[in-house]
Amino acid sequence: LHLAAEVMLDCPLSREVGAERRATLGRSRYILVEFPRLVAAEVVDRALRDVLRVDLIPLVAHPERYRCGTPGNVRKWRALGARMQVDATTLASPRKRGQRARDLLALGLADIAAADNHGDGRLLTTVSQLLEVRHGERQAELLTQENPARILADRDLEPVPPVPWHASWWRRFKLALERDDF
């Protein structure tokens, strides 16, 4: 275990936070950040740029929880230099948040997975089980083992290939509209 914090970005980080790395993951450049649930995309953009200015890499905790956590916005945040942590339990949820998390995986926009366990039954095995039935063993390994180890070693993360996820034709159409490359 390593000391770290999930930092609410409701005000800018100081240069000292970047230099001291006391709130980062294992004193690496990576800092786990979150926002209020109803945050606007523009606020996230600005906050992520502020974190990058203090020489840290923002790892956005559960982007699927934010209404603005759409694939298009997440793609933009990743282009800025941020990385994304999806929630294992949310992936299995039939709710809108669960669909957003699955969309991020389907498009290769997630970097790690976490269980957000508070002494309850939420476990990372949820991700492995969900991906195993979709032939996503490699993605599960990257999300739950390799990229988290790279964070603690202060190394760049490996891209996680898209996960084939069955979606209705309408959902696939909507996701296609989110893509930049057509």
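The values are calculated or read from the model by the stated rules, or taken from the named source; none is laboratory data. These numbers come from a predicted model, not from an experiment. Every residue, glycine as well, gets a Cβ built from its backbone with ideal geometry; the counts of neighbours run over all protein chains shown. Note: accessible area is taken over every heavy atom of the protein model, side chains too, but ligands, DNA and RNA are not part of it. Shrake-Rupley method; radii C 1.70, N 1.55, O 1.52, S 1.80 Å.
A few notes on this one:
- Exactly one residue among LEU52, LEU32 is buried (at least 18 other Cβ atoms within 10 Å of the Cβ), under 20 Å from ILE151 (Cβ atoms) and not hydroxyl-bearing (Ser, Thr, Tyr), and that residue is LEU32.
- All helices (runs of 4 or more DSSP H) inside the stretch 127-179 with 1 or more residues being modelled with pLDDT under 75: 169-178
For (1) of a type in the set (S, T, N, Q); (2) under 25 Å from VAL163 (Cα atoms); (3) more than 14 Å from the chain's Cα centre (by Cα), each residue gets a yes or a no:
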{"position": "SER14", "(1), (2), (3)": "yes, no, yes"}
{"position": "GLY18", "(1), (2), (3)": "no, no, yes"}
{"position": "GLY26", "(1), (2), (3)": "no, no, yes"}
{"position": "VAL33", "(1), (2), (3)": "no, yes, no"}
{"position": "GLU42", "(1), (2), (3)": "no, no, yes"}
{"position": "PRO63", "(1), (2), (3)": "no, yes, no"}
{"position": "THR70", "(1), (2), (3)": "yes, yes, no"}
{"position": "GLY98", "(1), (2), (3)": "no, yes, no"}
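- Residue count, the stretch 3-52 (criterion: basic (Lys, Arg) and touching an Asp or Glu at 6+ places or on another chain (Cβ under 7 Å)): 1
- Where helices (runs of 4 or more DSSP H) fall entirely within the stretch 35-95, those with at least 1 residues that are within 21 Å of ARG15 (Cβ to Cβ) and free of Cβ contacts under 8 Å to residues at least 12 places away in the same chain are at 41-53.
- Residue check, ARG75 in contact with a Leu (Cβ under 7 Å, 6 or more places away or on another chain), closer than 25 Å to ALA149 by Cα and of a type in the set (Lys, Arg): yes
- In the stretch 10-26, the condition of being open to solvent by less than 60 Å² (accessible area, probe 1.4 Å), in a loop (DSSP other than H, G, I, E, B) and under 18 Å from ARG78 (Cβ atoms) is met by no residue.
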